[in-house]
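One structure below.
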Amino acid sequence: MDFKSRCKKIREEILELARHSRRGHIPSAFSLVETLVTLYDDVLKFDAKNPDWKLRDRLILSKGHGCMALYSILADKNFFSREHFAGFCQLDGILGGHPTREKIPGCEASTGSLGHGLSIAIGMALNAKIEELNYRTFVILGDGECNEGSIWEAALSASHNRLDNLYVLIDYNKYQSYGSTNEVCDLEPFADKWRAFGFDTHEFDMRKKPEELKSFFEDHRPISGTPVAIICHTIKGQGAASLEGNLSWHHRSKISDEDLSSIKDEL
Amino acid sequence: MRKRGLAEIFKLASANKEILFIGSDLGEGTIDEYQSVLPKQYFMEGISEANLIGMAAGLAMEGKQVFVNTIATFLTRRCFDQLAMDVCTSNLNVRLYANGGGVVYAPLGPTHMAVDDISLMRSLPGMTIIHPSDAEEMARAIQASESHQGPIYFRLARGGETVTSRKDLEFEIGKPILLKKPKEVLLLANGTMVYRALEVSKILEAEGIGVGVLNVHTVKPFDKQHLIPYLSEVEAILSIEEHNIDGGLGSATAEIIAEYSGNRPRFKRLGFPNIYPDYYGQQDLIISKYGLNILSIAQEVRSLL
């Protein structure tokens, strides 16, 4: 299956999850799809049958509200059965509106309270240094999440600890809950900020040239002592025209079958 | 107490490479000696408590036991969300080593006086809270922590406390130690208040009042089975703590007494009256100001009988 079809399939799975709960942050999940498909198809080392494999690469979805994308790709990679989709946001389900590490195979950290994941990732990356293990740690932040001061505490710490085994990806979809990121709390010049904090910083257009992220990892050699920041330029709701940049969808509940089928038609 | 505890952590870390220590911009040279011997287990981070706790959680998820050390007020309030969500929801082996519990840092003012720390930590599911009475007990508490699953808040007292704990009485997390058997009155105390409670007991003994002392070094969990046997024996119980009366040892005691269906003794909580002290001065002066010195406590006991 080619990359585009893979992404389409994952977006369909996200809609399937939403169908079971009639809610969920679909646009926040959609903007993650190209990034997660690239990472899980071509970059990360893992063994779905042995999710605690010591040498696996760790991936933390710090923007926990994008979890439907994570659940879809984890199920796609057979970490757990798709049958669990029916329990999404349900009392006995393992898949919640934000992810819980104890319940979900392949989920490295419980997230949802923003600004936590990068520090947890630093702990995991530091462990690899202490134990001289060659796994890598990836963490995906939201752009709005970068309003949190703890992100920048952690950014200082990542450089201080010379964590060249740490990859911080930011899903820069340009929107947060209330409005566009430049209206609510401007992040620009965003790449310069990560550079100033000591990160080897790269930017990719995940709408027009998502394949460049894969190429980057194929050629990538860590710079000694330098963590990597990757700004993934996306759009909230990416992949469905009616969702793209449409803020009314961020907190939508009571999602109808008609809503879902019209989004599906746009994919 | 702080140094004795640090030395004990080093002893554990020397024998167990899974034990790590992270300081937050501690005083100059605090861990130099330890770091030079165990560079892969001792770390110094900046003034960034939220990041520190997240990082400790990440390390604990990888199987480490992580001691995090800074001043109590910052280690509880500044990173509360990280403690709740990163550490407690996963019941991780993060150990908070909190300098300056109570009003140790009185000269530095309200920003540095920890009078709500135990209350905050008590509200966290799964958090164990240990407030030892002297350096020797702190050392025993650190030793006991190695086999304990889940987060622990170690609340340090001032340092140089008169040693009242006894090795022969054995330290076990969650099990209060009876230092003196009660007749009419039982005092529940921890930290610096254990010594005061014992002194109060001596004064009142001379007046014919039999006052027992229970060292509740572990504020949480405080199992009711350790208190209930005394409830029908004594006329009065007082809790004494270097902390606000809401949410700490006094509250924990009150909860047990309130749910007890038998005859209840009279009960009073002694501590700060749920305030942030706005005095400077020395620890002892503030303690006296709020009626927590030996003579004031003795008077409270008399008036309850």
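Report the longest stretch of chain A that contains none of the GluC sites (Glu not before Pro) sitting in a DSSP loop with at most 12 other Cβ atoms within 10 Å.
After excluding every exposed loop site, the longest remaining stretch is A:133-267.
For chain B, what does the equivalent ellipsoid look like in terms of its semi-axes, each the square root of 5 times an eigenvalue of the Cα gyration tensor, given largest first in whole Å?
33, 20, 18
Hand me the chymotrypsin sites (Phe, Trp or Tyr not before Pro) from segment A:120-222 located in a DSSP loop with no more than 12 other Cβ atoms within 10 Å, in residue order please.
A:178
Which of the GluC sites (Glu not before Pro) found in segment B:132-192 are loop residues per DSSP with 11 or fewer other Cβ atoms within 10 Å of their Cβ?
B:170
Once you've got the Cα coordinates, tell me which of A:45/A:209; A:8/A:45; B:11/B:64 are over 19 Å apart.
The answer is A:45/A:209; A:8/A:45.
Looking at the protein assembly as shown, send over the antiparallel percent of its DSSP beta bridges, to the nearest 5.
Looking only at bridges with both residues in the protein assembly as shown, the antiparallel portion is about 10 percent.
Residue A:201's amide H: which non-local residues (gap 5+, or another chain) put their own amide H closer than 5 Å, with H modeled 1.01 Å from N in plane and none for Pro or chain starts?
Long-range HN contacts for residue A:201: A:229.
Along the Cα→Cβ direction, 7 angstrom out, place labels at residue A:203 and residue A:184. What is the inter-label distance in nm?
Each label point lies 7 Å from its Cα, and together they span 2.1 nm.
Within chain A, what percent of beta bridges assigned by DSSP are antiparallel, to the nearest 5?
10
Students often forget the sequence filter, so: which aspartates and glutamates lie under 14 Å Cα-Cα from residue B:40 once same-chain residues fewer than 8 apart are removed?
A:131, A:132, B:18, B:32
Considering protein heavy atoms only and a 1.4 Å probe radius, which residues within segment A:105-128 exhibit an accessible-area decrease of no less than 20 Å² in the full assembly relative to the chain by itself?
Buried by 20 Å² or more upon assembly, which counts only protein chains, are A:110, A:113, A:116, A:119, A:120, A:123, A:124, A:126, A:127.
Can you compute the radius of gyration and Dmax for segment A:183-252, using only the Cα atoms, both in Å?
In Å, with Rg to one decimal and Dmax whole: 15.1, 45.
How large, in Å, is chain A by the Kirkwood hydrodynamic radius built from its alpha-carbon pairs?
18.5
Could you tell me how far the Cα centroid of segment B:74-97 sits from the Cα centroid of segment A:43-68, in Å?
Taking the Cα centre of segment B:74-97 as reference, the centre of segment A:43-68 is 23 Å away.
List the equivalent ellipsoid semi-axes of segment B:2-155 in whole Å, largest first, each obtained as the square root of 5λ for an eigenvalue λ of the Cα gyration tensor.
Working from the Cα gyration tensor, I get semi-axes of 21, 18, 15 Å.
Per q in 0.06, 0.12 Å⁻¹, report the Debye log10 I(q)/I(0) for the protein assembly as shown, using one uniform scatterer on each alpha carbon and no solvent.
The Cα Debye sum returns log10 ratios of -0.37, -1.08.
Given a cut-off of 22 Å, name the pairs among A:4/A:103; A:63/A:174; B:17/B:167 whose C-alpha atoms lie farther apart than that in the structure shown.
Long pairs (Cα-Cα over 22 Å): A:4/A:103; B:17/B:167.
In Å², what does the accessible area per residue of segment B:170-304 work out to with a 1.4 Å probe?
44
By its C-alpha gyration tensor, with a ≥ b ≥ c as the square roots of the eigenvalues, how is segment A:73-112 shaped: rounded for a/c under 1.5, else prolate for a/b larger than b/c, else oblate?
Oblate, since a/c reaches 1.5 and b/c is not below a/b.
The values are calculated or read from the model by the stated rules, or taken from the named source; none is laboratory data. If you're wondering where the values come from, they're calculated on a predicted model, not measured in any experiment. Ideal geometry is used to build each Cβ from the backbone, glycine not excepted, and the neighbour counts take in all protein chains shown. Each accessible area value is taken on the protein alone, full model and side chains, heavy atoms only, with ligands, DNA and RNA left out. Shrake-Rupley method; radii C 1.70, N 1.55, O 1.52, S 1.80 Å.
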